[in-house]
Amino acid sequence: MKFTVLAGGIGAARLLGGLAAVADPEQITAICNVGDDLEWNGLHISPDIDSVIYTLAGIEGEWGWGVRGDTTRTLEALRDLGGDAWFTIGDLDLATHLRRTSVLRAGGTLSEATAALTAGRGLRTTVLPVTDDPHPTIVQTAEGDLPFQVYFVQHRAADTVTGFAFPGVEDTRPAPGVLEAIAECDALVIAPSNPFVSIAPVLDVPGVRDAIAHTRARRVAISPIVGGEAVKGPAAEMLRALGHEVSALGVARMYAGLIDTFILDAVDASLVPEVQALGMDAIAFDTMMVGEAGRARVAASLVATLSASMA
Ligand code: FO1
């Protein structure tokens with residue numbers, strides 16, 4: 001079975017790690033959000049791409065980002081020199097950003113830089129940015145418009161969110177391979193990622209929604225909300241602030257018309273009939289991806305669900 005996964009950060013990375021353990025890694029393509037990207041001390045950082053690459057390489061960090069066992073000596077030295085140090089880039093992580101930025105400076109695209117990084121880590125899974133064009137997420141808050149990482153890291157997601165903007169998204173083009181990966185897969189999976197700031201910026205690149213509407217693939221989304229709370233990050237606060245129901249059903253409503261199957265966690269099984277009433281299949285199983293065994297278990301349940309729906 002050929003999989004294409006629309007991916008945000010850590011939830012998507014864990015799912016992809018599990019999928020690569022239970023399926024052929026060469027049959028998996030991740031299409032990654034780039035709305036979280038930022039320039040840091042002159043370097044191009046792509047947090048969601050890096051979460052996916054590090055997790056697939058089995059070296060994801062204990063901080064929830066970066067590389068396992070990393071240190072911050074460079075950052076501390078930079079801080080001592082009066083540099084910009086609110087974003088914690090580890091010493092080993094830095095190599096990734098140097099490599100990416102050098103490819104970009106030499107005239108390469110973000111896709112080419114990403115391919116260099118996946119090859120360098122020995123990965124067999126294809127990792128694509130959704131677009132090679134600049135496509136930043138702006139979080140609109142009561143304090144004003146903030147680039148995503150300023151809202152999320154510098155302001156600790158403390159500002160009241162009023163909306164999101166993706167300036168210039170209408171001029172972005174899907175990166176090479178993105179539309180093909182959607183058209184030619186058997187299973188199109190929307191990872192358990194934040195629907196507002198991880199998945200919407202992927203869907204909004206011109207051509208992506210259309211490709212999803214026309215793919216022959218089974219289209220499935222996994223809820224990032226479990227028991228009324230986000231597994232990680234500010235998705236629950238964003239749903240609440242924007243007037244959505246803070247539940248897996250609230251997320252399912254956002255994907256109505258786009259997908260065939262919605263997967264909820266077992267604790268939300270009572271919501272299955274209401275999700276089905278939206279015009280999609282609904283399946284509930286344990287979606288908590290704790291440890292490598294948990295990731296593989298969730299991926300195996302996903303594959304079983306897909307196989308059953310295609311039989
Ligand atoms: N998240 C934080 O909460 N604080 C940080 O200082 C931070 C640094 C960082 C550096 C590189 C990287 O790839 C990710 C980093 N993140 C940090 C996580 C990042 O904000 C999130 O992974 C995503 O953008 C949300 O999916």
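Just so it is clear, none of the values below were taken in a lab; they were calculated from the coordinates. Being a predicted model, the structure only gives us computed values, none of them experimental. Cβ: placed from backbone, ideal geometry, glycine included. Neighbour counts: every protein chain shown.
If you average 1/r over all unlike Cα pairs in the stretch 121-194 and invert the result, what Kirkwood radius do you get in angstrom? Display every interim value, and only then the final one.
Working: mean 1/r = 0.0673 Å⁻¹.
It is 14.9 Å.
Take the alpha-carbon positions of the chain, form their convex hull, and give its projected area averaged over all directions (one quarter of the hull surface) in nm².
15.2
Hey, what D do you get for the stretch 57-102 in µm²/s if you plug the Kirkwood alpha-carbon radius into Stokes-Einstein at 37 °C and 0.692 mPa s? Before the final figure, lay out the partial values.
Numbers: Rh = 11.1 Å.
Rounded, D is 294 µm²/s.
At q = 0.18, 0.23 Å⁻¹, what base-10 log of I(q)/I(0) does the Debye formula yield for the stretch 186-311 when every alpha carbon is treated as an equal point scatterer in vacuo?
For the requested q values the scattering log ratios are -0.98, -1.54.
Within the P(r) computed for the stretch 199-269, what percentage of the Cα pairs occupies the region above 19 Å?
Details: 934 of 2485 pairs.
Percent of Cα pairs beyond 19 Å in the stretch 199-269: 38.
Can you tell me the Rg and Dmax of the stretch 127-263, counting just the alpha carbons, in angstroms?
For the stretch 127-263, the Cα radius of gyration and maximum Cα-Cα distance read 15.2, 44 Å.
Could you work out the per residue convex hull volume over the alpha carbons of the stretch 153-234, in cubic angstrom?
Details: hull volume 10.3 nm³, N = 82.
With only Cα atoms used, the stretch 153-234 gives 126 Å³ per residue.
Please give the charge dipole size of the stretch 1-150, origin at the Cα centre, charges +1 on K and R Cβ atoms and -1 on D and E Cβ atoms. Round to the nearest 20 debye. Could you put the intermediate results ahead of the total?
Numbers: 10 positive and 20 negative charges, 105 e Å.
Here the stretch 1-150 has a charge dipole of around 500 debye.
Given the convex hull over the Cα atoms of the stretch 22-121, what projected area results after averaging over all orientations, in nm²? Each step should come with its number before you reach the end.
Numbers: hull surface 27.9 nm².
Here the figure is 7.0 nm², rounded to one decimal.
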